[in-house]
Structure formats: structure tokens, C-alpha cells
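Some notes on the structure that comes next.
Read the figures in this text as sums done on the coordinates, not as results from a lab. Quick caveat: nothing in here was measured; it's all calculated off a predicted structure. Cβ placement follows ideal geometry from the backbone for every residue including glycine, while neighbour counts extend to all protein chains displayed.
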Amino acid sequence: MKIHIRSNKRFLKIGAALLCFALVFGQAGALLAGSPGTGSGAASGTGSGVASGAYRDVAAQLAAAEAAKPLFTLKDIQDLARAHGAEARQARLGVANAEAGRESAQIAVYDAWGAASQPPPSFDTGFPALDEAMAQLMSSMGMGNAGASIVGASARLEEANISLDDAKATLETAMEEAMYNGENLFFSYLQLQRTLTSLESALELSRQQVRIEELKATIGLSTATEVQKRKLALAELEESRQALLNGLDMTGRSLMRQIGKDVDTLFRLDPSYSIEGLRTVYDPEQLADLAIKSNLNLGVLSRSIDKLADTISEPATGQTMRSQLAAQRDSLILTRNNLTHSLRLLARSTATGLETARADMALMQRKIDEKQLAYDVLELQVRLGLAPRIGLQAAEMELLTAKNDLLKAQQDYYLSLRRAALLVRGVAISPGGGGGF
């Protein structure tokens with residue numbers, strides 16, 4: 001009989017401890033959610049009011065600090081990356097070098113023409129006939145050399161003009177690549193932020209599971225091994241969170257560098273964007289033809305191949321030189337064929353990938369609808385006391401994850417549309433990021 005009474009007392013104590021845990025956890029949850037103080041918060045007296053007020057002060061300070069950060073829209077990122085991106089900065093150096101080369105070639109042409117306009121040297125040997133013959137000979141030789149100098153300088157000027165045109169075209173391509181890479185970093189940062197938010201929810205759920213498992217262990221409903229498993233899962237989530245924070249920091253620094261800002265700049269991103277104005281449907285073969293026709297590198301290769309062919313066909317070119325030039329030409333032809341093939345594959349995968357992306361997004365939306373229905377049903381069960389509240393939090397996490405997956409798919413779809421639009425202009429960017437070819 002005494003044993004029975006002690007047992008009852010023990011379970012009463014455990015029940016009281018569980019009740020206290022539930023009340024404390026519920027009050028903390030209300031504070032974290034910014035509850036206006038209804039229910040237990042309103043009845044908790046002065047202490048609760050001070051804690052709630054303190055939390056509101058901290059939240060206001062955090063909100064003010066966040067609002068003080070400069071806000072960047074996608075349009076801001078596009079414009080700044082186009083102007084200050086690493087790819088554009090490098091290409092501008094190429095334009096400056098090409099302009100300097102053109103100026104040097106232009107000066108060489110002026111010098112050649114100036115040398116041709118100089119009068120022939122005079123001679124005074126004491127024999128007028130000999131002086132005149134020498135002057136005529138030197139004049140004819142000088143004009144011949146001057147003519148060759150003019151031709152050579154003019155040819156170099158033409159090559160310099162072509163190089164400058166290529167450098168300017170390369171700059172335009174580089175600015176498009178820089179803008180796309182800025183967009184890619186913009187969406188990568190937003191995706192990491194959402195992943196971090198989901199992970200924070202998973203961490204809170206894992207902490208609750210550890211506490212529950214520890215309470216169960218105290219009443220003999222669990223074991224130390226199960227508690228250790230829960231703690232290990234929590235530790236793994238905390239490691240993942242730290243890795244995610246590191247990735248978020250590096251991505252943010254890369255984004256700031258891409259738009260010409262200090263890498264330590266604190267910032268906010270406006271996640272809104274639109275696909276309005278972007279073409280959404282492409283024929284694979286037509287896209288490939290446009291990409292090949294507009295690609296700058298293919299044009300440069302074709303021009304080099306034609307120039308080598310002309311040199312090979314010149315009668316003055318020796319047989320040994322012909323063989324060397326022919327080998328160079330064949331190598332360039334192979335490079336051009338490989339690049340053409342790569343462009344066709346990229347165009348086809350881009351065009352067909354758009355269709356796949358749209359189908360995937362529709363499937364994800366249906367998945368969200370299913371998760372929302374499951375959450376609503378479970379919420380009703382929790383309200384009726386037919387299911388534990390911790391199960392509702394797990395269902396909420398699944399719903400949040402599904403929504404995040406859809407948002408990521410939509411942003412990836414936008415980037416796919418941008419890659420397709422750039423392909424039309426001959427700018428080829430692989431799906432993994434930058435790196436035009």
C-alpha cells in the first residue's frame with residue numbers, strides 16, 4: 001500500500017513538472033511570436049509585462065538596424081554589375097590596350113607618309129651629270145621603300161581597327177556576363193537566406209525533441225541512448241547552420257564585389273522580380289542558329305581561318321611555311337567545329353530545359369497544395385487534442401520547405417530565361433553560372 005502511494009506521488013510530481021514545462025514553453029513561444037499579451041501573458045503580472053516590453057524594444061532596435069542597411073533591387077544589381085563586374089573591368093582593359101595599339105598604328109601611317117614626302121638628298125661631286133644620276137637613283141629607291149612602309153603601316157592600322165572592334169564587342173559580351181553573374185549571386189543569396197530560415201525552424205524543433213526525450217528518460221519512457229541520438233542530430237543541424245552562415249557571408253561578399261561595393265557592406269535585397277518582357281518559348285534549332293550566328297568567338301575564329309587560307313595561297317609563301325600555316329588553320333577549324341557543336345548542345349538543352357522547368361514548377365505547386373491540406377488537417381486535430389503540437393511544427397516545416405523549393409525553381413527559371421535571351425545575342429553561359437564561350 002505504501003509503495004502504491006509513493007508511486008502515485010512520484011507521478012504527480014512528474015505530471016507537475018511536465019505542466020510547468022508546458023506553461024513555460026507556451027509563454028516563451030508567445031513572447032517570440034510577438035503576442036499582444038492575451039491569455040497567460042496578460043495574467044502573468046508585472047514581470048511578464050517587463051519581459052514583453054524588453055523584447056519589443058530589442059525587436060524595434062533590430063528592425064531599425066535592418067532598415068538602415070541599403071536596399072538593392074534586382075534592377076540595381078543588374079545595372080551595377082554591368083558597370084562594375086569583374087568581367088567588365090577586365091574587358092575594359094582590353095579595349096584600352098586596343099585603343100593604344102590603334103593610336104600607335106595610326107602614328108606609324110602618318111610617319112610613313114611623312115617620310116615619302118621628303119625630298120631626295122642632293123649630291124655635289126663636281127660632276128653635274130653624276131650628281132643628277134645619283135639623285136634620281138636615290139629618289140627611286142626612297143619612293144620604293146616609302147611605298148612599302150606605307151602599305152605595311154596601313155595593313156597594321158587595319159588590323160588594329162579590327163582588334164579594337166573585337167575588343168569593344170568583347171566588352172559588350174563581358175558586361176552581359178557580368179550582369180547575369182550579378183543576378184545569379186542575387187538569387188543565390190536569397191535562396192541561402194530562406195534555407196537558413198528553414199534550418200532555424202528545424203533547430204528549434206530539434207531542441208524541443210531533445211527536451212522531450214530527456215523528460216521521457218526521467219520517467220523511464222526513453223533511454224540515454226535515444227537522448228544521445230537526439231543530441232547528435234541537434235549538433236549536426238548546428239554544424240549545418242554554421243556552414244550555411246559561412247556560405248551566406250561569402251555569397252554576400254561576392255555580390256558586393258560584383259556590383260563595385262566594399263565587400264564588408266551591410267545590405268538588404270528586395271526579392272521581387274518579374275519575367276515580363278522575357279521570351280519564354282524557343283525553338284531549339286532556331287536558338288542554336290542565332291547563337292552560332294551572333295557568337296563573337298566564332299566570328300574571330302572564322303576570320304583567322306580565312307586569313308591563314310589567303311596567306312597559304314600566296315605564291316610567295318614557301319612550302320615549309322605553307323605546311324605550318326595549314327596545320328594552324330586545321331587546328332582553328334577543329335576549335336571552331338567544337339565550339340559550334342557546344343553552342344548547339346547548349347541551345348537545345350536551354351530550350352528544352354524551359355519546358356521541363358515549367359512542368360516541375362506545376363508539380364511543386366501541387367505538392368504545396370498537398371502539404372497545406374495535411375497541415376490544415378493536423379492543425380484541426382491538435383486543436384481537438386487528437387494530435388501532439390510538435391507534430392504540427394514538423395508539418396509546418398514540410399510546408400515551408402515545399403514553398404522554398406518552388407521559389408527556388410521559379411528563380412532558376414528566370415535565370416534560364418535570361419540565358420536563353422543571351423544566347424540569341426551570341427553570349428553563351430553555362431547553367432552552372434558564368435563563363436561565357
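Taking the number of Cβ atoms within 10 Å of each Cβ as an exposure proxy, the fewest-first ranking of LYS293, LYS261 is LYS293, LYS261. If R0 is taken as 51 Å, the Cβ-Cβ distance between THR73 and THR320 corresponds to a FRET efficiency of 0.25.
Work through the residues other than ALA362 whose Cβ is under 12 Å from its Cβ and net out their charges, Lys, Arg +1 and Asp, Glu -1. Display every interim value, and only then the final one.
Details: positive: ARG358, ARG366, LYS367; negative: GLU355, ASP360, ASP369.
That works out to 0.
Considering segment 282-437, its Cα convex hull presents a mean projected area of 11.8 nm².
Expressed as a whole number of Å, what is the distance separating the alpha-carbon centroids of segment 358-437 and segment 288-347? So the separation of the two Cα centres works out to 46 Å.
The Cβ shell under 12 Å around LEU400 holds other residues with a net charge of -1, Lys and Arg each +1, Asp and Glu each -1. Roughly how far apart, in whole Å, are the Cα centres of segment 253-279 and segment 202-226? With segment 253-279 and segment 202-226 each reduced to a Cα centre, they are spaced 43 Å.
Of the residues SER416, LEU363, ILE312, the one whose Cα sits farthest towards the positive end of the charge dipole of segment 282-437 is ILE312 (charges of +1 on Lys and Arg Cβ, -1 on Asp and Glu Cβ, taken about the Cα centre). Over all pairs of different C-alpha atoms, segment 185-246 has a mean inverse distance whose reciprocal, the Kirkwood radius, equals 12.8 Å. Under 5 Å from the amide H of PHE72 lie the amide H atoms of ARG268, LEU269, ASP270, each residue being 5 or more positions distant or on a separate chain, with H modelled from the backbone and absent for Pro and chain starts. Let's see if you can work this out: charge +1 on each Lys and Arg Cβ, -1 on each Asp and Glu Cβ, no other charges. What is the dipole magnitude of segment 282-437 about its Cα centre, in debye to the nearest 20? Rounded to the nearest 20 debye, it is 340 debye. As a proxy for reagent exposure, ranking SER331, SER416, SER198 by other Cβ atoms within 10 Å from fewest up yields SER331, SER198, SER416.
Ordering 336-346, 219-229 by mean Cβ neighbour count within 10 Å, with the highest value first, yields 336-346, 219-229. Length gained on full extension, GLN410 to ALA243, computed as 0.36 nm times the residue gap minus the Cα-Cα distance: 57.6 nm. Please give me the summed charge of the neighbours of ALA243: other residues whose Cβ is under 13 Å from its Cβ, Lys and Arg +1, Asp and Glu -1. That works out to -3. Computed 3J(HN,Hα) for segment 233-249, one whole-Hz value per residue from the Karplus formula 6.51 cos²θ - 1.76 cosθ + 1.60 where θ = phi - 60°, is 4, 5, 4, 5, 5, 5, 5, 5, 4, 5, 4, 5, 4, 5, x, 5, 5, glycine and proline marked x.
Pairs over the 23 Å Cα-Cα cut-off, from the set LYS371/LYS408; LYS367/LYS408; LYS168/LYS307; LYS69/LYS261; LYS216/LYS403: LYS216/LYS403.
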